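What follows is a single structure, written as structure tokens, with notes after it.
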Amino acid sequence: MRLVRMLGAVGLLWCAVWAALALALPAAATRARQALEARGWQVATGPVRAGGFPLAIAGDAGPAEIALPDGAGVLRAERLSLSAPLLAPVTLRAGDGGAVAVVLPAARVTVAAARAEVEAVLRPTPALTFRRASARLSDVAVTLAGGVIGAERAEARLSARPGQPAVLGFEAEIAGLALPAALVDRIAAAGALPAGLPRLNLAAEAAFTRPWDRAALDGPPPQPMRLTLRRAAADWGAVSAEAEGLLRIDPEGVPEGEIRLSLPDAGAALGLAVAAGLLPEPLASRLARLAPPRQAAAAGPRRFGLTFTFRDGRVLLGGADLGAAPAIRLP
């Protein structure tokens, strides 16, 4: 009987604590929004509704639009929510099956998904250090200066390395990738090819100058110091390409290193690159002469490798200078 009374008292105490936290949540959300707006953010959400009883404190803000300072980017989501389970990481969610859009004006890039489930998990400490994130997107459209890239489905995972919060691993799987119409038209003369890629897989890792946490919101974002492309693989008609490499990035964003591209048929791939305007014809002809001869199927395929060298701010391929290397810096 004493145990029952003790459990009842603990339960009543927790109910009181949870109720107090739930009542304080809208005010805490307002203070957080005001703190962000004081730093130049723009935050527009619906009224915060508390939930999650009995093992979590959760807040649902409904439709949301969040703009970064200086117009660096905008997030729009049909639903934005936060959950803080007892003795567990803090979880932010966007979309929950609704539409999500990210706009990056400086890069002239817009990413929109008709249906999205985006989740970010933070360590339950005052610093709120990033732990992991995942995204499941359907009917995706990426608008670039050169056109629109679509995808039927995309899944991505981002996670901090244990014990090294400034190192993030990234994996992505994209299905039904549709290329910009202008690019498809340019390469149509190179052969009969589908208008998109049935699959694209990517695994990479990035090391930053400092962890992604609450302090990263107060000033310039952490900048990448090293990018490791563990594997990228894509199929496009008869062309099956794989890539890997490592780039080290100086404080100015200039990359140094190599990206190695592996192809089964050098002639077809180089012809596509010329048609797409990615390689000049003389360089493609020189590289084609370096390709191994085709072999019978019984002997097994021999893949042709291209190495892109990033050195002194330039990109080199086969001894030819392809132009200035892009600066790799976050705005």
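Of note:
- Subset of segment 112-143 [part of a strand (DSSP E or B), surrounded by 18 or more Cβ atoms within 10 Å (Cβ to Cβ) and of a type in the set (Val, Ile, Thr)]: 118, 121, 140, 142
- Restricting segment 96-111 to residues that are under 17 Å from residue 138 (Cα atoms) and more than 16 Å from the chain's Cα centre (by Cα) leaves a set whose member that is surrounded by the fewest Cβ atoms within 10 Å (Cβ to Cβ) is 97.
- Restricting attention to segment 73-87, the residues that are touching a strand residue (DSSP E or B) at 6+ places or on another chain (Cβ under 8 Å) and loosely packed, with under 15 Cβ neighbours inside 10 Å add up to 2.
- Neighbours by Cβ (under 6 Å, 6+ apart or cross-chain): first from segment 226-239, within 19 Å of residue 264 (Cβ to Cβ); second of a type outside the set (D, E, K, R) and part of a loop (DSSP other than H, G, I, E, B): 237/193; 237/194
- Given (1) at pLDDT 90 or above; (2) closer than 28 Å to residue 32 by Cβ; (3) out of contact with any Lys or Arg (no Cβ under 9 Å at 6 or more places or on another chain), number of the condition residue 112 does not satisfy: (3)
- Scan of segment 148-188 for residues that are in a helix (DSSP H, G or I), more than 20 Å from residue 200 (Cβ to Cβ) and among the aliphatic types (A, V, I, L, M), ordered by number: 188
- Any hit, segment 209-231, residues being part of a strand (DSSP E or B), modelled with pLDDT under 90 and surrounded by fewer than 18 Cβ atoms within 10 Å (Cβ to Cβ): no
- Given (1) touching a residue at least 40 places away in the same chain (Cβ under 8 Å); (2) within 16 Å of the chain's Cα centre (by Cα); (3) more than 21 Å from residue 104 (Cα to Cα), number of the condition residue 127 does not satisfy: (2)
- Residue in segment 145-153 that is free of Cβ contacts under 8 Å to residues at least 12 places away in the same chain and surrounded by fewer than 17 Cβ atoms within 10 Å (Cβ to Cβ) present: no
The values are calculated or read from the model by the stated rules, or taken from the named source; none is laboratory data. It should be emphasised that the depicted structure is a prediction, and the values quoted were computed from it without experimental measurement. Reconstructed Cβ throughout: ideal geometry from the backbone, glycine too, with neighbour counts over all protein chains shown.
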